[in-house]
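This report concerns only the one structure given below.
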Amino acid sequence: MSIVIDGCAVASMDGDRSEYTVGHVIVDGARIQSVAEGRAPRDLPDATYVDGTGCLATPGFVNTHHHLYQWLTRGTAVDETLFDWLTTLYPVWAGLDEDTVRVGATGALVQLARTGCTTTTDHHYVFPGDGGDLLGAEIEAARAVGLRFLPTRGSMDLGRSRGGLPPDAVVEELDAILAATAEAIDRHHDPSPESMLRIGVAPCSPFSVTGDLLEQAAVLARDKGVRLHTHLAETTDEDAFCRDRFGCSPVEYVESLGWLGPDVWFAHGIHLDDKGIAALAASGTGVAHCPSSNARLGAGICRTRDLRDAGVPVGLGVDGAASNEAASLVEELRHSVLFARAVGGPQALTVRAGLELATIGGAQVLGWDDRIGSLEPGKLADLALWRVDTAAHAGIADPVAALVLGTPPPLELLLVQGRAVVRNDAMAEVDEERLAVDVRAAAATLRDRAVGR
Ligand SMILES: [Zn+2]
C-alpha cells in the first residue's frame, strides 16, 4: 500500500538540500520510497494519489523541547520572569495526576501536529507522590494522537529547604528518581529502526536538582544507551545562581558532572559565552532553541548564528505552553529567523537555515537524523504538506518563504510513519471539539486543587 503525493513543491532537506518546484513523493508503508522532480507515474498499483498542487512538501517538523502538561496552565504569571513564573506555577503543578496529564498532553500534542510536528520530545519533571503513572499517561496520549515520541523522565531533588527554587512538596528523593528512571527506560524504550517511542533522562535544571543527581543520571543514561537533556543557560538569574553556588558558569558546572557529549542536548542555551559555545561544539552537544518562550519570559535571544557557525547541532522547541500559549512549532520557525536577524542582520539566519532547524537540525539534536528529518528514500515517512495557495499565500514567489515568513499555512496532510495524522487542516482521528471541553475541565480541576492547597 503506497501513498503518492504528486505535483507539489518539495523542500527535501536531504544532504544536497534538493528542492523541486514541481515534484512528487512516494511513500511505501512506513518509509519513503522516492522523492523526485516532475509528476509521478500515474499507474502505480495499490497506490493512493494525493493532489499536491498548490502545496509545499517538507519533512515533518521535530520539536526538541516541551512540557506537555503545561497545556493546562496557560495564561498564568503572564508578565513575570522565569523564577517568579516558576514559583507561581509549582503549587498548581503539584496537583497533577494521570487524568490531567493525559488531557493536557493530548491538547499540546494536537497543537504540535496541527503546526507541522511529526516527532516531539517531552520533559516531564513534576511527579507528585500521589500522581500515579504520569509518564505512562503522556505516552498513551502520544500514541492516540499519532506522533513519534521521545519523552524524558525528568526530576527535581533540590527543594527550597536545601537552597533550590521549587517547594519541597514537588521534589523527589535521589534514589527514588534513579529507580523510576531506570524502570521507565526498561519498560518503554524502543531502539528499533521504526521506533515510535524512545525514552530520555532529564533532571530539570541546575537550580532545581543536586549535582549528585546530574552526575548519577548521566551514568544511568549512558549505561542504558539513551539521551540526556536538561535546561541550561536560560536566564541571567541561573547564571548568577551557578556562579554564586558553584563558582563557575552553567556550562562549566554541568561539564564537571559529565554532561557534555553527542548524547546530550540542552534547552535554551541563551547565556553562553564564546568558551561555552566552543565546549558545546567540541563535544557535539545540541541546543533546543525556543524563541517564543524566551521572548515571553524576557530571557534573551539565543546566539543561533554563532552556535551554527561553531558546528553545534541546533533544533527548535516550543517549550512548555505555560510560557508559550501558542505552542505552535511553525511559529517557532518564523520567530527563530526573525529574532536572529533582529540582532544579527538579514544574513544571520536564512529562510532555508530556519527550515533546517525545524527539520534535520531538530532530528540531529534528538540523535534521530539517521531515520527522520529529511525526505529521502529509506527514511521514515514523516512528512508535512502545506497549502501555500490560500488567499494569504498565493503569489508569494518562493514557497519556502511562504512557509517560513508568511502566516502559518494550513496543513493539507501530515504523515507520521506513513499514517495520516492531519488531513484537510484537521485532526484525522482526534475529536478536537471534545478535546477543548476536556482541556477546559482539566485546567479548572488543577486551579481548584491549587486553591485547596
Ligand atoms: Zn523548558
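The values are calculated or read from the model by the stated rules, or taken from the named source; none is laboratory data. Computed from a predicted model, the values in this text were never measured in an experiment. Here the Cβ is made from the backbone with ideal geometry for all residues, glycine too, and neighbour counts use every protein chain on show.
Key figures
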read-out: Residue list for region 309-357, restricted to those being β-branched (Val, Ile, Thr) and buried (at least 21 other Cβ atoms within 10 Å of the Cβ); value: Val312, Val314, Val318, Val330, Val337
read-out: Ile277, sole failed condition from (1) closer than 21 Å to Gly116 by Cα; (2) more than 16 Å from the ligand (Cβ to nearest atom); value: (1)
read-out: Residue in region 59-80 that is hydrophobic (A, V, I, L, M, F, W, C) and closer than 24 Å to Val404 by Cα present; value: yes
read-out: All positions within region 123-138 that are crowded, with 21+ Cβ neighbours inside 10 Å and either hydrophobic (A, V, I, L, M, F, W, C) or away from the ligand (no atom under 16 Å from the Cβ) (or both); value: Val126, Phe127, Leu134, Leu135, Ala137
read-out: Selection count, region 218-249, where residues are outside any loop (DSSP other than H, G, I, E, B), more than 30 Å from Ala295 (Cβ to Cβ) and aliphatic (A, V, I, L, M); value: 4
read-out: Residues located in region 214-241, provided they are away from the ligand (no atom under 16 Å from the Cβ), among the small types (Gly, Ala, Ser) and in contact (Cβ under 8 Å) with a residue 12 or more places away in the chain; value: Ala217, Ala218, Ala221, Gly225
read-out: Restricting region 315-335 to residues that are among the acidic types (Asp, Glu) and within 14 Å of the ligand (Cβ to nearest atom), the residue that is farthest from His66 (Cα to Cα); value: Glu332
read-out: Some residue of region 376-384 being touching a helix residue (DSSP H, G or I) at 6+ places or on another chain (Cβ under 8 Å) and either of a type outside the set (Ser, Thr, Tyr) or not in a helix (DSSP H, G or I) (or both); value: no
read-out: Within region 57-170, strands (runs of 3 or more DSSP E) holding 1 or more residues that are free of Cβ contacts under 8 Å to residues at least 40 places away in the same chain; value: none
read-out: Any hit, region 68-79, residues being away from the ligand (no atom under 16 Å from the Cβ) and of a type in the set (Phe, Trp, Tyr); value: no
read-out: Qualifying helices (runs of 4 or more DSSP H) (wholly inside region 261-356; at least 2 residues being over 19 Å from Leu82 (Cα atoms) and touching a residue at least 24 places away in the same chain (Cβ under 8 Å)); value: 274-283, 304-310, 329-344, 351-356
read-out: Complete set of residues in region 57-86 that are buried (at least 16 other Cβ atoms within 10 Å of the Cβ) and more than 22 Å from the chain's Cα centre (by Cα); value: Ala77, Glu80
read-out: Filter pass, Glu183 being of a type in the set (Asp, Glu), more than 18 Å from Arg245 (Cβ to Cβ) and not in a helix (DSSP H, G or I); value: no
read-out: Among residues of region 281-311, those that are more than 16 Å from the ligand (Cβ to nearest atom) and either in contact with a strand residue (DSSP E or B) (Cβ under 7 Å, 6 or more places away or on another chain) or among the small types (Gly, Ala, Ser) (or both), counted; value: 10
read-out: Filter result for the condition that a residue is within 28 Å of Pro193 (Cα to Cα) and in a loop (DSSP other than H, G, I, E, B), over Ala40, Ala36; value: Ala40
read-out: One residue from Gly75, Gly104, Gly131, Gly116 being small (Gly, Ala, Ser) and under 30 Å from Ala391 (Cβ atoms); value: Gly116
read-out: Cβ-Cβ under 6 Å pairs, at least 6 apart or on other chains, region 1-18 side farther than 10 Å from Val35 by Cα and in contact (Cβ under 8 Å) with a residue 60 or more places away in the chain, far side part of a strand (DSSP E or B) and of a type in the set (Gly, Ala, Ser); value: Cys8/Ala57
read-out: Residues of region 80-92 satisfying the condition of being more than 13 Å from the ligand (Cβ to nearest atom) and either in contact with a Cys (Cβ under 6 Å, 6 or more places away or on another chain) or not aromatic (Phe, Trp, Tyr) (or both); value: Glu80, Thr81, Asp84, Thr87, Thr88, Pro91, Val92
read-out: Some residue of region 242-249 being away from the ligand (no atom under 14 Å from the Cβ) and under 17 Å from the mean Cα position of the chain (by Cα); value: no
read-out: Of all residues making up region 411-429, the number that are under 25 Å from Arg334 (Cβ atoms) and buried (at least 18 other Cβ atoms within 10 Å of the Cβ); value: 9
read-out: Residue within region 412-422 that is in contact with a helix residue (DSSP H, G or I) (Cβ under 9 Å, 6 or more places away or on another chain), on the phi < 0 side of the Ramachandran plot and without any contact (Cβ under 8 Å) to a residue 60 or more places away in the chain present; value: no
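The rows are residues; the columns are (1) within 16 Å of the ligand (Cβ to nearest atom); (2) at pLDDT 95 or above.
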site	(1), (2)
Glu19	no, yes
His24	no, yes
Gly38	no, yes
Asp43	no, no
Thr53	no, yes
His66	yes, yes
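Here's the yes/no breakdown for (1) within 23 Å of Asp130 (Cα to Cα); (2) of a type in the set (S, T, N, Q):
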| residue | (1), (2) |
| --- | --- |
| Thr152 | yes, yes |
| Gly159 | yes, no |
| Gly164 | yes, no |
| Ala169 | yes, no |
| Leu178 | yes, no |
| Ala182 | yes, no |
| Ile185 | yes, no |
| Glu215 | no, no |
| Asp223 | no, no |
